[in-house]
């Protein structure tokens, strides 16, 4: 069945360093891909989504490219801030007959 | 104004007792979802719904029932709560599986 695998956390970085959170997926069709962010004490919220292969999504300095050939959707940010400390979830949706599927989440801590 | 609300926010229950978690959305979305969140597992789908009167099993439905009496309300019912159901539960709504999900703030359930 469908699955999403992402970088195992926790990940600890210093402010100003770069971030990559790997996300790989398995699916029989061409899904819509999502990155969600969850701040402490809150529910997840959408960071961005990309419905089409080979397109890029971005928001708040984060970006990811939908790579159909490699079945990957890695999250990147050039320079992280302490306020980026959160849990990041990669997710996919294959169609309106199949509920969305989330990865296990990657907890990011950014030290000042 | 919060569009997805959950009640209660915290609940302590006894083993074997009945627990009902409630979710209300004002987004007028057809789809609603119940997830549980556990360290190392991320968000796992318990039940979801396509509209009033509809409930579908997710990936981990055993021990849980769901009820969707109206467009706005979606409940998760634990008829016989067990300590393994101690977790944080999130409700979400969306226009469809392909779309952004809007999450509630979560309910922390402890079963003693």
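Any read-out appearing in this document is the output of simple, stated calculations on the displayed coordinates, not a laboratory observation. Computed from a prediction, not measured in an experiment: that's the story for all the values here. For neighbour counting, all protein chains shown are included, and Cβ atoms are generated from backbone atoms with ideal geometry for every residue, glycine included.
Couple of notes before you dig in:
- Rounded if a/c under 1.5, otherwise prolate or oblate - chain A, Cα gyration tensor axes: prolate
- Rounded Å value of the spacing that divides the Cα centres of the range A:47-112 and the range B:39-112: 23
- Using a simple spin-label model with pseudo-atoms 7 Å out from Cα toward Cβ, residue B:67 and residue B:79 lie 1.3 nm apart.
- Residues in the range A:17-50 reached by a label modelled at residue B:60 [backbone nitrogen below 17 Å; 7 Å Cα→Cβ]: A:44
- Extension reserve of the residue A:82-residue A:42 stretch, reckoned as 0.36 nm per residue once the Cα distance is removed: 12.7 nm
- Average Cα contact separation per residue, chain A, under 8 Å, 6 or more apart, as relative contact order %: 38
- Three-way shape label, the range B:31-99, alpha-carbon gyration tensor, a/c 1.5: oblate
- Using C-alpha pairs below 8 Å separated by at least 6 residues, the relative contact order for chain B is 36 percent.
- Pairwise label distance in nanometres, residue A:5 with residue B:20, each label 7 Å out on the Cα-Cβ vector: 4.3
- Site pair residue A:109 and residue A:59 shows an inter-label distance of 2.6 nm when each label is modelled 7 Å from Cα along Cα→Cβ.
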